[in-house]
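A.B. asks: The following block contains the structure, expressed as structure tokens.
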Amino acid sequence: MYRLPILACAALCIGALPAAAQQPMNDSTRVALNRVFAAWSAADGPGCAVGVSRGGILVFQNGYGLANLETESPITPASVFHVASVSKQFTAAAVMLLARDGKLSLEDDVRRHLPELPDYGHRITLRHLLTHTSGLRDQWDLLSMARGRFEENRITEDDVLEIVARQKALNFVPGTEYLYSNTGYTLAAVVVRRVSGKSLREFADERIFKPLGMGDTHFHDDYTEVVKGRAAGYARRPAGGWRVSLPNYDTYGATSLFTTVGDLLKWDANLFTPRVGDEGMWREMMASAVVAGGDTTGYGLGIATEEYRGARLVGHGGADAGYRTYLGRFPEHNLSVALLCNAAQANPSALTRSVADVLLGDRLVPAPAPPTARATLAPEELSALEGVYVHPVTGGPFFITRRGDTLVAGRTNGPALLPMGERRFRVGTQPVELEFTPDGGLVQTVLAWPRRTPVTLRRQERSQPSRAQLEAYAGTWYSEELGATYTVVATDSTLVLRTRGGAERTVYPAYGDTFAGDFLLAFTRGRGGRVEVMRMSSGRTRGVRFERVRR
């Protein structure tokens, strides 16, 4: 039986901002906005809630799809979502309020408040925690490495503190790089509790949520707690259909805010007429950090800045389990969008941009045309550029592979490289340009804001070890930093990693004693060429040390 798509609420549904603060929208614009969410309006699938305001005044809100597939409850603007990393700006605001109270400074050494953290020989400040420039390894990557799995186990604040305290090294010297790390925000929540004497949940409720009338918002510190009106999270099954996908966290600060699109717009309205904090505080939160060397990171204190079609876009996204969220504002256009989805496959950042296309139209500069090839290279010219190119800081390999008359960025497949010249290429539709140098270098330049210093990768000989050579890496390895043991098994062409109840992980030869795949593994040899140390890295965690226990 055909069922109508679910559109849960008209434009002026009650629940976001007071009725007196709402403005009407014409029908054609409302229809165009509903069309943006057509893919998430199915009567038998998850979807999204959206709220839009102009200058702090509500102009549109609606719900699409189902909040619960079992009860067939529709999503409405009043549906409560886990908003993942959108939580970070509230944690940062709590720290800023304590700074305004004179109870701490963003320049405090974090060990003043968290003396149990290791002394890495470099000062880490609270500002470093909030700007992702601390060098601390990411808590989720560490826990995933330690447990061999992620979604199945409950994660508590004590779990995070315990594994962070185990770490014997940083990703980098604080203040020298930007690398997103959830650890900093969980630690910031602990700092709020120790300095204020109240949990982040209590502090934020008292100092932020109640003053702004955010009655449907709280930091969730017990994942078993019943929450009325909650939208369940979902992820697609490979064979089709949906499965429940819920976070298993009893930790917050980096995540775990529960809220609605209406409450988020109340928070956003506070930026125009501050009742919590002041204009100086908000300017500081939105100001991008600058790392040693002068590069701008595009990230402030829980808020990121980017550009879309010539307009500044300030906001933050979130992704946990089956939830995808975004809160963004176009300051020069006084336009704000809160967008919360309960499907892992949703892309609220892209949907927000589509909303802006409808509402801002020709006030935005035209979207650039997709890049097209401007040169043609002979097969032998393409083959000469194939290889593995290594990042100078992380040691991560970047594979360039020839596929017919095209180069792709990847070991076996990936985005096509579009030739812009004899040695210059664009990476598919991404704002990334690659230029091969005669001396075996590969200069990688990001063309989007914030512009950063180009990075030169160096070409290395791609390794192709035999089964006998791979056996040199096999054995049992233990990491004190993780409290975990891994078994490494050699196959004919790969290494397979096994630990506890986790799924097998596979890595492939890259160069020298380095392997890439589910993790980046770099082995170190000792006397006589024997492999003695294994270091494991992932996107946000570098160089976790393992010692060989036995072959």
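The values are calculated or read from the model by the stated rules, or taken from the named source; none is laboratory data. What you see is a predicted model, and the numbers here were worked out from it, not measured in a lab. Backbone-built Cβ (ideal geometry, glycine too); neighbour counts: all protein chains shown. What goes into the accessible areas is simple: the full protein's heavy atoms, side chains included, and nothing from ligands, DNA or RNA. Shrake-Rupley method; radii C 1.70, N 1.55, O 1.52, S 1.80 Å.
A.B. asks: With the dipole of the chain worked out from charges on the C-beta (+1 for Lys and Arg, -1 for Asp and Glu) around the Cα centre, which of SER479, GLY410, PHE523 lies farthest toward the positive end?
C.D. replies: Highest projection toward the positive end goes to PHE523.
A.B. asks: Using unit Cβ charges (K, R positive; D, E negative) and no other charged atoms, how large, in debye to the nearest 20, is the dipole of region 112-165 about its Cα centre? Before the final figure, lay out each step's value.
C.D. replies: Values: 7 positive and 10 negative charges, 58 e Å.
My answer is approximately 280 debye.
A.B. asks: For a test of the definition: using alpha carbon positions, the gyration tensor, and the 1.5 limit on a/c, classify the chain as rounded, prolate or oblate.
C.D. replies: Details: a/c = 1.66, a/b = 1.35, b/c = 1.23.
Since a/c reaches 1.5 and a/b is larger than b/c, the shape of the chain is classed as prolate.
A.B. asks: Let me ask another. Quick one: what does P(r) look like for region 294-419 with 10 Å bins over all Cα pairs, in whole %?
C.D. replies: Each 10 Å bin holds this share of Cα pairs: 11, 26, 26, 28, 10, 0.
A.B. asks: By average Cβ neighbour count within 10 Å, what is the ranking of 317-327, 162-172 from highest down? Provide the component values of the computation, followed by the final result.
C.D. replies: Details: 317-327: 24.8, 162-172: 17.5.
Ranking, from highest mean packing down: 317-327, 162-172.
A.B. asks: To continue, here is another question. Would you kindly state how much longer the chain becomes between TYR223 and ALA472 on full extension, computed as 0.36 nm times their sequence separation minus their alpha carbon distance, in nm to one decimal? Mind dumping the intermediate values first?
C.D. replies: Details: separation 249, 0.36 × 249 = 89.64 nm, distance 4.42 nm.
That pair, TYR223 and ALA472, stretches by 85.2 nm at full extension.
A.B. asks: Something else now. For region 31-179, what value does the Rg/Rh ratio take when both radii are computed over Cα atoms and Rh is the Kirkwood radius, given to two decimals? Could you put the intermediate results ahead of the total?
C.D. replies: Numbers: Rg = 20.8 Å, Rh = 19.1 Å.
So for region 31-179, dividing Rg by the Kirkwood Rh gives 1.09.
A.B. asks: Apply the Karplus curve 6.51 cos²θ - 1.76 cosθ + 1.60, θ = phi - 60°, to the phi angles in region 366-375 and return the couplings in whole Hz, x for Gly and Pro.
C.D. replies: Using θ = phi - 60°, the values come out as x, 5, x, 5, x, x, 10, 5, 10, 8 Hz.
A.B. asks: Using a 7 Å offset from the Cα along the Cα-to-Cβ direction at both ALA38 and HIS122, what is the distance between the two label points in nm, to one decimal?
C.D. replies: It is 5.0 nm.
A.B. asks: Another question, if that's okay. Taking +1 at the Cβ of each Lys and Arg and -1 at the Cβ of each Asp and Glu, which of LEU265, PRO438, ALA49 sits farthest along the dipole of the chain towards its positive end, judged by Cα position relative to the Cα centre?
C.D. replies: Of the candidates, PRO438 comes out farthest on the positive side.
A.B. asks: Another question about this same structure. With only Lys, Arg, Asp and Glu charged, each at its Cβ (+1 for the first two, -1 for the last two), find how big the charge dipole of the chain is about the Cα centre; round to the nearest 20 debye.
C.D. replies: Working: 63 positive and 57 negative charges, 122 e Å.
The dipole magnitude comes to about 580 debye.
A.B. asks: Could I ask something else about it? Each residue of region 415-425 in order: what ³J(HN,Hα) in whole Hz does its phi give by Karplus 6.51 cos²θ - 1.76 cosθ + 1.60, θ = phi - 60°, with x for Gly and Pro?
C.D. replies: x, 6, 8, 9, x, 9, x, 5, 10, 10, 9
A.B. asks: Decide, for region 251-305, between rounded, prolate and oblate: order the square roots of the alpha carbon gyration tensor eigenvalues as a ≥ b ≥ c, take rounded if a/c falls under 1.5, and otherwise choose prolate if a/b is larger than b/c, else oblate. Mind showing how you got there, number by number?
C.D. replies: On the way: a/c = 2.68, a/b = 1.48, b/c = 1.82.
Cα axes put region 251-305 in the oblate bin.
A.B. asks: Let me ask something else. Mind checking the angle between helix 27-36 and the chain's longest principal axis? C-alpha axes, 0 to 90 degrees, to the nearest 10.
C.D. replies: Rounded to the nearest ten degrees, it is 30.
A.B. asks: Cross-chain or 8 or more residues apart, Cα under 17 Å: how many lysine pairs in the chain fit that? Count them up, please.
C.D. replies: Values: LYS88/LYS266; LYS103/LYS198; LYS198/LYS210; LYS210/LYS266.
So the count of such lysine pairs works out to 4.
A.B. asks: Next up: What distance in nm lies between label points placed 7 Å from Cα along the C-beta direction at ASP27 and GLU504?
C.D. replies: 6.2 nm
A.B. asks: Same structure, new question: Give the long-range amide H neighbours of THR156: residues separated by 5 or more places, or on another chain, with amide H under 5 Å away, using H modelled in the peptide plane at 1.01 Å from N.
C.D. replies: ASP250
A.B. asks: Here's another thing I want to ask about it. Which number comes out as Rg/Rh for region 429-479 once both Rg and the Kirkwood Rh are worked out on C-alpha atoms? Walk me through the numbers on the way to the answer.
C.D. replies: Details: Rg = 18.0 Å, Rh = 14.5 Å.
Answer for region 429-479: 1.24.
A.B. asks: With all protein chains present, how much of the accessible area of region 217-260 (probe radius 1.4 Å) comes from carbon and sulfur, to the nearest whole percent? Write out the running numbers ahead of the final one.
C.D. replies: Working: 970 of 1860 Å².
Solvent-exposed carbon and sulfur of region 217-260 make up 52 percent of the total.
A.B. asks: Considering only GLN345, LEU335, LEU69, whose Cα is most displaced toward the positive end of the charge dipole of the chain, charges sitting on Cβ of Lys, Arg (+1) and Asp, Glu (-1)?
C.D. replies: Sorting the options by dipole projection puts first GLN345.
A.B. asks: To continue, here is another question. What distance in nm separates the simple spin-label points at THR176 and ASP101, each placed 7 Å from Cα in the Cβ direction?
C.D. replies: 3.6 nm
A.B. asks: Only helical DSSP H runs with n ≥ 4 go in: add -39500 (n - 2.57) per run for the chain, normalise by residue count and round the 222 nm mean residue ellipticity to 500 deg cm²/dmol. Spell out each step's value before the answer.
C.D. replies: Values: 13 runs with 112 residues, N = 551.
The helix-only estimate for the chain comes to -5500 deg cm²/dmol at 222 nm.
A.B. asks: Right, another one. Peptides 335-345, 378-388: what's the order by average Cβ count within 10 Å, highest mean first?
C.D. replies: On the way: 335-345: 27.0, 378-388: 14.3.
Ranking the peptides 335-345, 378-388 by packing returns 335-345, 378-388.
A.B. asks: Using only the Cα atoms of region 103-216, build the gyration tensor, take square roots of its eigenvalues as a ≥ b ≥ c, and label the shape rounded, prolate or oblate: rounded if a/c is under 1.5, else prolate if a/b is larger than b/c, else oblate.
C.D. replies: On the way: a/c = 1.91, a/b = 1.25, b/c = 1.53.
It comes out oblate by the Cα gyration axes.
A.B. asks: Shifting gears a bit: If amide H atoms are built 1.01 Å from N in the plane of the peptide, which residues on other chains or at least 5 residues away come under 5 Å of the amide H of TYR234?
C.D. replies: HN-HN under 5 Å from TYR234: SER245, GLY322, ALA343, ALA344.
A.B. asks: Tell me, what is the percent relative contact order of region 292-431, built from C-alpha pairs under 8 Å that lie six or more residues apart? Walk me through the intermediate numbers first.
C.D. replies: Working: 204 pairs, mean separation 18.3, N = 140.
Once normalised by length, the contact order is 13 percent.
A.B. asks: Hey, what angle do you get for helix 157-166 against the long axis of the chain, alpha-carbon based, 0 to 90 degrees rounded to 10?
C.D. replies: 30 degrees
A.B. asks: Expressed as a rounded percentage, what relative contact order does the chain have, with Cα pairs under 8 Å and six or more residues apart?
C.D. replies: Values: 1238 pairs, mean separation 74.5, N = 551.
For the chain, the relative contact order is 14 percent.
A.B. asks: Using a 10 Å cut-off on Cβ atoms, rank the peptides 367-376, 474-483 from the highest mean neighbour count down.
C.D. replies: Values: 367-376: 10.7, 474-483: 17.7.
Descending mean neighbour count gives 474-483, 367-376.
A.B. asks: Further question on the same structure: Counting only heavy atoms of the protein chains, get the accessible area per residue of the chain (1.4 Å probe) and round it to a whole Å² value.
C.D. replies: On the way: 23200 Å² over 551 residues.
That works out to 42 Å² per residue.
A.B. asks: Could you work out the relative contact order of region 26-142, using alpha carbon pairs under 8 angstrom and six or more residues apart, expressed as a whole percent? Don't skip to the answer; put the middle values down first.
C.D. replies: Numbers: 112 pairs, mean separation 15.7, N = 117.
This gives 13 percent for region 26-142.
A.B. asks: Extension gain SER73-THR524, at 0.36 nm per residue separation less the Cα-Cα distance, in nm?
C.D. replies: Values: separation 451, 0.36 × 451 = 162.36 nm, distance 5.55 nm.
Between SER73 and THR524, full extension yields 156.8 nm more.
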